[in-house]
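The values are calculated or read from the model by the stated rules, or taken from the named source; none is laboratory data. Being a predicted model, the structure only gives us computed values, none of them experimental. Heads up, the Cβs are rebuilt from the backbone with ideal geometry, glycines too, and the neighbour counts pull from every protein chain shown. Ligands, DNA and RNA are excluded from the accessible area calculation, which covers all protein heavy atoms including side chains. Shrake-Rupley method; radii C 1.70, N 1.55, O 1.52, S 1.80 Å.
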Amino acid sequence: MQRKPVRHVVIAGGGTAGWMAAAALSRTLGKYIDITLVESDDIGTVGVGEATIPTLLTFHRLIDVNEQEFMAASSATFKLGIQFENWRSVGHRYFHSFGTTGRDHWSAGFQHFWLKGRERGLASDYGDYCLELTAAMQNKFAQLPNNGINYAYHIDSTRYAAFLRRFSEGYGLHRVEGMIEHVAMADNGDIQALVLKDGTRIEGDLFIDCTGFRALLIGKALGVAYEDWSDLLLADSAYAVQTESVRQAVPYTRSIAGDACWQWRIPLQHRGGNGIVFASRYMDKDVALKTLMDTIEGEPATEPRLIHFKPGQRTRCWERNCVALGLASGFLEPLESTNIHLIQRGITRLLQAFPEIVNQVEVDEYNMRMREDLEHVRDFVLLHYHVTDRRDTGFWRECAEMNVPFSLRHVIDLFTETGKVYNLTNQLFAENSWIQVMMGQGITPRHRHPSPDLMGDDELSRFLGKIRGGVEQTVSRLPEHMDYIRSYCAMKNP
């Protein structure tokens, strides 16, 4: 049985993954293909992914989303990075900011000049040379010319999905309300149709599985196995709760580590997003819930919701005529706000590889690239747990002493010995991200590049001082974060 040309795409499930896929496909290919999204109002979404990273701006620009409309609709605030508290040791904090720190030379990264400056007593804190970090700590924000400041968003994911639904339907997407009862298979092993509870049959040529952890298409119908990473990432459960706002929203996410857990705090315009991610082997769910509810700020606006998950990925995200996105394809705890990015990455790769007829060579390429993306993010998340001074609980001892993948071990050893980080093309986390987290977690390189030795103390001091002075001068001109949001969202013509 020969496959037909792809003319009808069926998206199974809504939520953030489904509606991001719908928005991108309808905006770019809506005149070429028919797109149907099937979802049921009776099925809730996980809804914990409220912090994003700067790649979402790229996604919005590609599909022509108006930023002010999006921010107003999803009660968004701006985000300049993440503050990590108690990760290296109890009471210690550091900041992983977006953007870059200092100014590199072609032969060596800025960190080598900073290390030389510290040796000579000429350099202040590493973060003082980063615009985004300095602005975040002073609660300042404004968009700058020529993309002069790197930022992302905190969003209400439910409102964001609703915004994308309106956007998609404006480009002709057809939404069908209903519960998927059965996945009908063709003789050649492809998916032929979704059969709803009321008997409606939705046929398609290409199916996108956005059914969350249930993975009705990629997992249950097509039998693609799930690769479990629980031996590396010990957390397997989370509680999420919304709270009333009690203070002005700051332009960063907080990640607060505990005995066998970490908590997130995400400030939106209208409320706070809170949660706790924990390892059930080391922390009982009742203890986790009490820990969360005893430390939240503001009155709860929702009942806490318990979520169980298994960190890992599908062995293949694209199987036959089905592509899995979001939780159906895999899951990593939202420590670095990467889950929406991985959805976006899957959508972008699908659009770039969009088939006239599903071709196995294209499928294999997609699966290989998505595996690289997810393993790269896995290693970066694991870095926070593994490189730590904490040994105060069994959880932290196991994290620090475990054998990590060679791909991560090599990055840690290279930076520890040389102060260098080399990046592969198109990796999400660039050099500055790895450096900020590794130094924030306590790694001080044993050696550095000799280029800074060519500068005398006066020249090095002027070099470092000029960078820091430029950061301070720029930040001094920025308005308060929430003042800027109010004026920006109120503008009629950006």
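The lone criterion from (1) part of a strand (DSSP E or B); (2) closer than 21 Å to C317 by Cβ left unmet by G223 is number (1). Residues that are farther than 16 Å from Y484 by Cα, under 22 Å from the mean Cα position of the chain (by Cα) and assigned to a loop (DSSP other than H, G, I, E, B) were ranked within the stretch 149-170; the one that is modelled with the lowest pLDDT is D156.
Take the residues in the stretch 380-389 that are touching a residue at least 40 places away in the same chain (Cβ under 8 Å) and of a type outside the set (D, E), then tell me which one is farthest from E227 (Cα to Cα). Out of the qualifying residues, it is T388. Across the stretch 1-30, the number of residues qualifying as more than 14 Å from A324 (Cα to Cα) and touching a residue at least 60 places away in the same chain (Cβ under 8 Å) comes to 15.
Consider the stretch 391-408 and keep the residues that are under 16 Å from E372 (Cα atoms) and in a helix (DSSP H, G or I). The one that is farthest from the chain's Cα centre (by Cα) is F406.
Only residues that are under 18 Å from A238 (Cα atoms) and of a type in the set (D, E, K, R) were counted in the stretch 298-323, giving 3. The sole residue among A161, A235, A184 that is buried (at least 16 other Cβ atoms within 10 Å of the Cβ) and touching a strand residue (DSSP E or B) at 6+ places or on another chain (Cβ under 7 Å) is A235. Residues of the stretch 440-494 that are within 24 Å of Y252 (Cβ to Cβ), open to solvent by less than 90 Å² (accessible area, probe 1.4 Å) and basic (K, R): R468 alone. The number of residues in the stretch 1-39 being surrounded by fewer than 24 Cβ atoms within 10 Å (Cβ to Cβ) and among the hydroxyl-bearing types (S, T, Y) comes to 3. Cβ-Cβ distances below 7 Å connect the following pairs, each with a first residue in the stretch 363-379 that is of a type in the set (S, T, N, Q), a second residue that is modelled with pLDDT of 95 or more and open to solvent by 20 Å² or more (accessible area, probe 1.4 Å), and a separation of six or more residues or different chains: N367/R316.
When only residues in the stretch 428-452 that are part of a helix (DSSP H, G or I) and of a type in the set (G, A, S) count, which is nearest to D104 (Cα to Cα)? In this case the residue turns out to be S451. Only one of the numbered conditions (1) out of contact with any strand residue (DSSP E or B) (no Cβ under 8 Å at 6 or more places or on another chain); (2) under 22 Å from Q111 (Cα atoms); (3) part of a helix (DSSP H, G or I) is violated by Y422, and that is (3). The criterion of at least 1 residues that are among the polar types (S, T, N, Q) and out of contact with any Phe, Trp or Tyr (no Cβ under 9 Å at 6 or more places or on another chain) is met by the following strands (runs of 3 or more DSSP E) wholly inside the stretch 19-127: 34-39.
Residues are listed down the side, and each one gets a yes or a no for (1) open to solvent by 10 Å² or more (accessible area, probe 1.4 Å); (2) aliphatic (A, V, I, L, M); (3) touching a strand residue (DSSP E or B) at 6+ places or on another chain (Cβ under 9 Å):
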{"residue": "A76", "(1), (2), (3)": "no, yes, yes"}
{"residue": "I82", "(1), (2), (3)": "no, yes, yes"}
{"residue": "H96", "(1), (2), (3)": "no, no, yes"}
{"residue": "G99", "(1), (2), (3)": "yes, no, yes"}
{"residue": "K116", "(1), (2), (3)": "yes, no, no"}
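Across the stretch 370-390, the qualifying residues are those that are assigned to a helix (DSSP H, G or I) and of a type in the set (V, I, T), and the one among them that is nearest to L206 (Cα to Cα) is V377. Taken over the stretch 243-268, the criterion of being out of contact with any helix residue (DSSP H, G or I) (no Cβ under 7 Å at 6 or more places or on another chain) and not in a strand (DSSP E or B) is satisfied by S245, V246, R247, L268.
If you go through the stretch 171-189 and keep only what is part of a loop (DSSP other than H, G, I, E, B) and of a type in the set (D, E), you end up with just D187. Would you please name the residue that is surrounded by the most Cβ atoms within 10 Å (Cβ to Cβ), looking only at residues in the stretch 252-283 that are of a type in the set (S, T, N, Q) and in contact (Cβ under 8 Å) with a residue 60 or more places away in the chain? Only one residue tops the list, namely T253.
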